[in-house]
Amino acid sequence: MSYLKDFLTQIHKRDFHKFLVLWEEYCMSDEVETEELSQLLLAIKASEIAKQFGKIVETALPLWRTIQDKKESYEILRLLIDLQTTNSDALVQLVMETLQERYQDDPKFNERIRLAGLRNPENFKGALSKYDLLAHMRKGSMVFHTAGWGTGEIIDASLIREHLVIEFENVSGRKDLSFANAFKTLVPLEDSHFLARRFADPDLLEKEGRADPVGLIKMFLHDMGPKSAAEMKEELCELVIAEKDWTKWWQGARAKIKKHPMIETPETIKDPFYLRKAELSTQEQIKAVTKERGNISEVIQATYNFVRDKPAALKESSVKKTLQDRLTALLESSALKEEESLQIHLLLEQFFGLASSKEAVTEIVSSHPFLENLVQKIDIIAFKKRL
């Protein structure tokens, strides 16, 4: 996501001119990273530049047309129509064609087209989102209220009266909403969505989360997007996992998700966890371990974690050689500390079977004048205990 950070900076500064320069450069790309574009459009939608951006939405269409995945293509187009303010003939034709393809078997298509603002399209902003919500409006379906009422279950819906009755998690009693208000505040939720499951059957979700913490975290990140540890706690603690059990549960879950190839663990506590689109290959994992980091200690810790958690990877000669060469090269560094050198030799001796490193460790242990002080500086607990 090379552009997203720069875009967010200009959005935060409300500098539309610099944003526009960056946007023009971005739109010249031959392909697009859909997740990045989605996050960008969501950020624009929530910002003060949304109205200005609405006038240039159509400049994104050439980039949008490069998206091959139908689901991703639809989601991006829906966000663009949420933002557009031009109401051009070209856009309304595109929206109609998209809906006709997506909802070609809908018996209530014409009525829902009218309610979505497409019968006389003087202003069809948000038309795709409105139609999706209309198609979702049936008894028992779940929705999310963006203005604070939380997740809700539709109790009744009437196309004739253009009216809904919903029970929400954060307000007491049943609430009546007109379609006009629903379009402003409601987002449809699939029954399998984390928020829907937490509302409909929290006991079952808790049972599954205790049996399979990684599965719960994967579902959460898939449905809720990248979240930090604090943000996950806010949504899961007490609402899914009892507060008295949270610390123990999270420690166990975190240890497992750090090893999971589908979840990207942040380097700092404030940064978010990400759900990857595909598992990292062994070579990609090796690349992540051996990339340049802030200091030697981080490289040692990352390498130790990898060989400890994935011992089978060392059976591949190319993987073993890459890691061994990286560690050996570190021993030549002028910035290498004594305790770091010792840990590297322990790694090479224990996991790579290097006789020379075993001899180096033996020499240090038998001859160091302040061995106890040196041992206390060792970061890796298993090595500290072994010494």
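The values are calculated or read from the model by the stated rules, or taken from the named source; none is laboratory data. Here the structure is a predicted model, which means the values were calculated and not measured. Note: ideal-geometry Cβ built from the backbone for every residue, glycine included; neighbour counts use all protein chains shown. Areas reflect the complete protein model, heavy atoms only, side chains present, ligands, DNA and RNA absent. Shrake-Rupley method; radii C 1.70, N 1.55, O 1.52, S 1.80 Å.
Observations on the model:
- Count of the stretch 347-378 residues, restricted to those that are within 22 Å of Ser317 (Cβ to Cβ) and assigned to a helix (DSSP H, G or I), is 10.
- Looking across the stretch 156-173, the residues that are under 20 Å from Pro202 (Cβ atoms) and surrounded by 14 or more Cβ atoms within 10 Å (Cβ to Cβ) come down to Ile166, Glu167, Phe168, Glu169, Val171.
- Every residue from the stretch 126-147 that is surrounded by 19 or more Cβ atoms within 10 Å (Cβ to Cβ) and among the basic types (Lys, Arg): Lys130
- The stretch 319-346: number of residues that are assigned to a loop (DSSP other than H, G, I, E, B) and of a type outside the set (Gly, Ala, Ser): 4
- Top-ranked residue in the stretch 194-212 [being assigned to a helix (DSSP H, G or I), over 12 Å from Ala242 (Cα atoms) and among the charged types (D, E, K, R); ranked as most open to solvent (accessible area, probe 1.4 Å)]: Glu208
- Residue check for Ala288: at pLDDT below 85, open to solvent by less than 30 Å² (accessible area, probe 1.4 Å) and within 21 Å of His260 (Cα to Cα): no
- Among the criteria (1) within 25 Å of Asp223 (Cβ to Cβ); (2) open to solvent by 40 Å² or more (accessible area, probe 1.4 Å), the one Ile76 does not fulfil is (2).
- Odd one out for Leu216, checked against (1) open to solvent by 20 Å² or more (accessible area, probe 1.4 Å); (2) modelled with pLDDT of 95 or more; (3) assigned to a helix (DSSP H, G or I): (1)
- Condition met for Ala135 (part of a helix (DSSP H, G or I), over 25 Å from Leu94 (Cβ atoms), of a type in the set (Gly, Ala, Ser) and touching a residue at least 12 places away in the same chain (Cβ under 8 Å)): no
- Note on the stretch 246-270: among residues that are open to solvent by 40 Å² or more (accessible area, probe 1.4 Å), assigned to a helix (DSSP H, G or I) and touching a residue at least 24 places away in the same chain (Cβ under 8 Å), the one that is farthest from Asp212 (Cα to Cα) is Arg254.
- Count of the stretch 344-382 residues which are surrounded by 14 or more Cβ atoms within 10 Å (Cβ to Cβ), under 37 Å from the mean Cα position of the chain (by Cα) and free of Cβ contacts under 8 Å to residues at least 60 places away in the same chain: 8
- Listed by position, the helices (runs of 4 or more DSSP H) inside the stretch 38-85 whose residues that are of a type outside the set (A, V, I, L, M, F, W, C) number at least 2 are 50-54, 70-83.
- Considering residues of the stretch 91-124 that are assigned to a loop (DSSP other than H, G, I, E, B) and buried (at least 18 other Cβ atoms within 10 Å of the Cβ) only, the residue modelled with the lowest pLDDT: Pro121
- Residue count for the stretch 314-343 under the criterion of being open to solvent by less than 40 Å² (accessible area, probe 1.4 Å) and polar (S, T, N, Q): the result is 2.
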